[in-house]
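Scroll down for the structure; my scribbles are underneath it.
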Amino acid sequence: MRTATHHPLITAPCNLWPGPRPTSSPVLPSGSRRPRRGALVVRAAVVVEQEAKTKISLVRIGTRGSPLALAQAYETRDKLMASHSELAEEGAIDIVIIKTTGDKVLDQPLADIGGKGLFTKEIDEALLEGRIDIAVHSMKDVPTYLPAGTILPCNLPREDVRDAFICLTVKSLAELPAGSVIGTASLRRQSQILYRYPSLKVVNFRGNVQTRLKKLNEGEVQATLLALAGLKRLNMTENVTAILSVEEMLPAIAQGAIGIACRSNDDKMATYIASLNHDDTRLAVACERAFLETLDGSCRTPIAGYAHRDSDGNCVLRCLVASPDGTRVLETSRKGLYALDDMVAMGKDAGKELLSKAGPARYESSQHLENFLAVFVDFCDRENQKEKSTKAGRDRLRGGLQDVTSLPWKLCKERRGWMLCVGLSSSLKLEVRVLALHQFRRCSCRVFLTIRDS
């Protein structure tokens, strides 16, 4: 078995400067690869400009601090400056970096620390509190529901939706020897890899693009998969070994799409960002998210979907639901008019079909979980205000849970909070941990959900 040759890390000056974005990398055809180099190129982090402020910014853009997130924020800024002359003046637009839960917790799989919303919650909170004016998100990270008081009226033109295979030793997934280790944090990628190549091993592989390439350079894994859209936005496509077609690896819902949100009562910001909207992208994303919403999907379920306009101008939608180990993959497709109502209906219909095929054991409790968790979190919030729990509180929890579900459950007190174990089916259980966070004389809750085999 060949193993990755360990090479010293190559770094290069960052070319994602706050000015106009460099010319994008050429589009690589499916299956193509660049000439091999001794090691991957890991560019330095994006430098956040420190502009001399001569006046209060007209628009404050909230974003995560990763190089890719900043590249997306700068793309948004440049489009706003090009479209609105008053925003082209120096200091008119400010970039505000916000650290999210997903950025802080890097040693656990996404599914184990809460799934969707990990990369958006703190940014949405800053938006609602007025600390920023607009929020720039990767649409694949945005939950199917938006926080009350916010709207998302804009999707920028979608980048390439395909995934890139990156490896130092072979040219394709098919050439990897049995037992080779592939690193990815995506259950979607994991399930599709194991479905086609069950002899390979997939391990959790967290971090931004630069971190993952560095780990690959150092030989922690033999290969990894990354979104080609991100590599293009970072001008790092020289690291691509091969590009997987959507037939080989169906992309994540809304992969490659950027969404821009603002407060629902902020007409000025809504007008600014709506002027940047790319309608084809917005309709495709709406179609895919309708499918996701019907399945009540999250980072804990391998789900994939891709909607696009074909040569006849119609919408073609392909969808997939799988088991994490790749032993079961369900697929469906739809074709119809490229119009919002038709495409949303297609997404919902595809979701209902796969929901019925997956069977009740997989999703039977999903409709109860929102109310179920709300009761539990309310209990924890009340009890965490006290030094110890009370019988009245536990009785109130028991009564509240019985009102919303007949599923068996067990409550345990932990050092920093509570753990509730729920039997979803004969083979699956849901563990819900609510940790008390005591800061500045205030108590808040952080919720962790894990689905395990019983």
**Prompt:** Which residues, counting only those in region 207-223, are of a type in the set (Gly, Ala, Ser) and outside any loop (DSSP other than H, G, I, E, B)?
**Reply:** ALA223
**Message:** Exactly one of these conditions fails for LEU225: (1) touching a Leu at 6+ places or on another chain (Cβ under 9 Å); (2) farther than 20 Å from LEU187 by Cβ; (3) at pLDDT 95 or above. Give me its number.
**Reply:** (2)
**Asked** Which condition number does LYS99 fail, the rest of (1) farther than 17 Å from ALA185 by Cα; (2) at pLDDT below 95; (3) surrounded by 16 or more Cβ atoms within 10 Å (Cβ to Cβ) being met?
**Response** (3)
**Flag for THR211 being buried (at least 17 other Cβ atoms within 10 Å of the Cβ) and β-branched (Val, Ile, Thr)** = no
**Request:** Filter region 138-177 down to residues that are under 23 Å from ILE303 (Cα atoms) and among the β-branched types (Val, Ile, Thr) and give me whichever is surrounded by the fewest Cβ atoms within 10 Å (Cβ to Cβ).
**Result:** THR144
**Prompt:** Residue check: is GLU51 surrounded by fewer than 18 Cβ atoms within 10 Å (Cβ to Cβ), modelled with pLDDT of 95 or more and either under 20 Å from TYR145 (Cα atoms) or over 15 Å from the mean Cα position of the chain (by Cα) (or both)?
**Reply:** no
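Take the residues of region 308-324 that are of a type in the set (D, E, K, R) and assigned to a strand (DSSP E or B): which is surrounded by the fewest Cβ atoms within 10 Å (Cβ to Cβ)? Write out each step before concluding.
Let us first name the residues in region 308-324 that are of a type in the set (D, E, K, R), namely 309-310, 312, 318.
Then keep just the ones that are assigned to a strand (DSSP E or B); that gives 309, 318.
Values: ARG309: 13, ARG318: 21.
Per the criteria, the residue is ARG309.
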**Request:** List every residue pair whose Cβ atoms lie under 8 Å apart, where the two residues are 6 or more positions apart in sequence or sit on different chains, the first residue falls within region 242-255 and is more than 15 Å from VAL321 (Cβ to Cβ) and at pLDDT 95 or above, and the second residue, located anywhere, is among the aromatic types (Phe, Trp, Tyr) and buried (at least 21 other Cβ atoms within 10 Å of the Cβ).
**Result:** ALA242/PHE165; ILE243/PHE165; LEU244/PHE165; VAL246/TYR306; GLN255/TYR306
**Request:** Scan region 322-344 residue by residue and report those that are at pLDDT 95 or above and out of contact with any Cys (no Cβ under 9 Å at 6 or more places or on another chain).
**Result:** ASP341
**Whichever residue in region 135-186 is assigned to a strand (DSSP E or B), outside the structural domain of THR120 (by TED's automatic domain parsing) and among the hydrophobic types (A, V, I, L, M, F, W, C) and, among such residues, is nearest to ARG64 (Cα to Cα)** = ALA164
**Message:** Here's a check for you: in region 228-245, which residue that is assigned to a loop (DSSP other than H, G, I, E, B) and of a type in the set (S, T, N, Q) is nearest to ARG189 (Cα to Cα)?
**Reply:** SER245
**Asked** What is the one condition in (1) more than 24 Å from the chain's Cα centre (by Cα); (2) modelled with pLDDT of 90 or more; (3) of a type in the set (S, T, N, Q) that THR281 does not satisfy?
**Response** (1)
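The values are calculated or read from the model by the stated rules, or taken from the named source; none is laboratory data. Predicted, not measured: the structure shown is a model, and the values here were computed from it. Cβ: placed from backbone, ideal geometry, glycine included. Neighbour counts: every protein chain shown.
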